[in-house]
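Quick note: the coordinates plus some simple rules give every number you see, no bench work behind them. No experiment lies behind these values; they were computed from the predicted model shown. Note that each Cβ is placed from the backbone with ideal geometry, even for glycine, and that neighbours are counted across all protein chains shown.
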Amino acid sequence: MQIIPIQTESKSYQVFVGEGIRREIGSFLDKHFTNLTKVLIITDETVGSLHLENLVDCLKPWEPVIFTAPSGEKAKTFDVYYSALGTALENRLDRKSLILALGGGAVGDLSGFVAASFMRGIPFIQIPTTILAHDSAVGGKVAINHPLGKNMIGAFHQPEAVFYDLELLSTLPEREIRSGFAEVIKHSLIHDPDFYLWLKTNISDLTTITTEQLTYSLTKGIAIKNEFVSKDEKETGIRAYLNFGHTLGHAIESEMGYGNFTHGEAVMIGMVFALKLSNEINDLSFNLHEFITWVENLGYETKIPDGLMIEKLIGKMKQDKKTIGETIRFVLLEQIGNPNLQEIPEDILLKELNSF
């Protein structure tokens, strides 16, 4: 087991990483929640069918209540959020109750927002089941989607702990592995040139990645995220750098329809575009062709999907959380490990997207 401490202005907690670590949750509850009244597990249809029974077996003394959401981004709608709150109320959860988020990033976002808003805030614990959730489970950003923008309705609500059981990753399909690993690559690009070089040297096939390689990649990514979150919990400054690739990525996700294109695959396209802008605007000396060859060999798309209108993508980007007064801002790189936030005039953005 590895333990990664997370320190933010509002809370300190730990991320526990290891195989079978979910079996330690019961003892954690005994130690940290002496007056715990009820436990609500929020999961989704896919994860619930695979892992819910094993988790419930670890929590028998508490007889947890279960809420099952649709899989993927369909979990992050107003209707599902409302239903989850209804389940909490019907089962008489109170301020001494706890929510467990068993699933990927979408379940974690939904569960955290339910926890943040139920009775003005109750505790929750993240139990990620995807690689992508190594990013979303840490840092306390929780939200649901709106048709006009991804993650636009939410809160900052830190978990009490994160239990990252690597055994739960064994059932991931290749596309979900690829989606999650895009965020690992992102972390290396915005913070650690040596980690980026290690990834490019050692990771050539995501279907044959070893447990040791995965553990190193995930713990490194979580530690890098903590570097930003610990200094800027509410994203008033440098935490925005974690959105590298997300400005265009979120627009692609929205235009494709949430759930029709994975988050990480959309972010990878956004990162390729941001790297192109960085080379042209910031004089970044980066071999983009070599990067594209590497990630395409890993199975990523690197171009905007056919059928998407550039003007509509720009419209979505104007609704991005980093946008101020409809001025679109991108996270770009001055060099690997040195990001910044820059305004991109719409005429330049239109030209660059069309050439891209």
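Peptides 337-347, 15-25 ranked from most to least packed, by the mean per-residue count of other Cβ atoms within 10 Å: 15-25, 337-347. Per residue of the chain, the DSSP helices (runs of n ≥ 4 H) give a summed -39500 (n - 2.57) that works out to -12500 deg cm²/dmol at 222 nm. Summing Lys, Arg as +1 and Asp, Glu as -1, what charge do residues with Cβ under 13 Å from the Cβ of residue 174 carry, residue 174 excluded? Residues near residue 174 contribute -1 overall. Note on residue 119 and residue 60: the extension gain reaches 18.7 nm, defined as 0.36 nm multiplied by sequence separation minus the Cα-Cα distance. Each label point was placed 7 Å from the Cα along the Cα-to-Cβ direction; for residue 338 and residue 79 their separation is 5.0 nm. Set the Förster radius R0 to 22 Å, insert the Cβ-Cβ distance between residue 283 and residue 209 as r into 1/(1 + (r/R0)^6), and round the FRET efficiency to 0.05. Once the sixth-power term is evaluated, E becomes 0.05.
Working ranking of peptides 349-356, 296-303, 223-230 by packing, defined as the average number of other Cβ atoms within 10 Å per residue, highest first, is 223-230, 296-303, 349-356.
Counting only other residues whose beta carbon sits under 11 Å from that of residue 119, what net charge do I get with K and R as +1, D and E as -1?
My count for the surroundings of residue 119 gives +2.
Between amide H atoms placed 1.01 Å from N, distances below 5 Å from residue 100 occur with 40, 41, 42, 125, all of them 5 or more places distant or on a separate chain.
Relative to the longest principal axis of the Cα atoms of the chain, the long axis of helix 105-117 makes an angle of roughly 60 degrees.
Overall, the stretch 2-171 carries a charge dipole of about 500 debye about its Cα centre when +1 sits on the Cβ of Lys and Arg and -1 on the Cβ of Asp and Glu, all other atoms neutral. Counted residue by residue at 0.36 nm each, then reduced by the alpha carbon distance between them, the extension gain from residue 346 to residue 10 reaches 117.2 nm. Highest mean packing first, where packing is the average number of other Cβ atoms within 10 Å per residue, the peptides 189-198, 247-256 line up as 247-256, 189-198.
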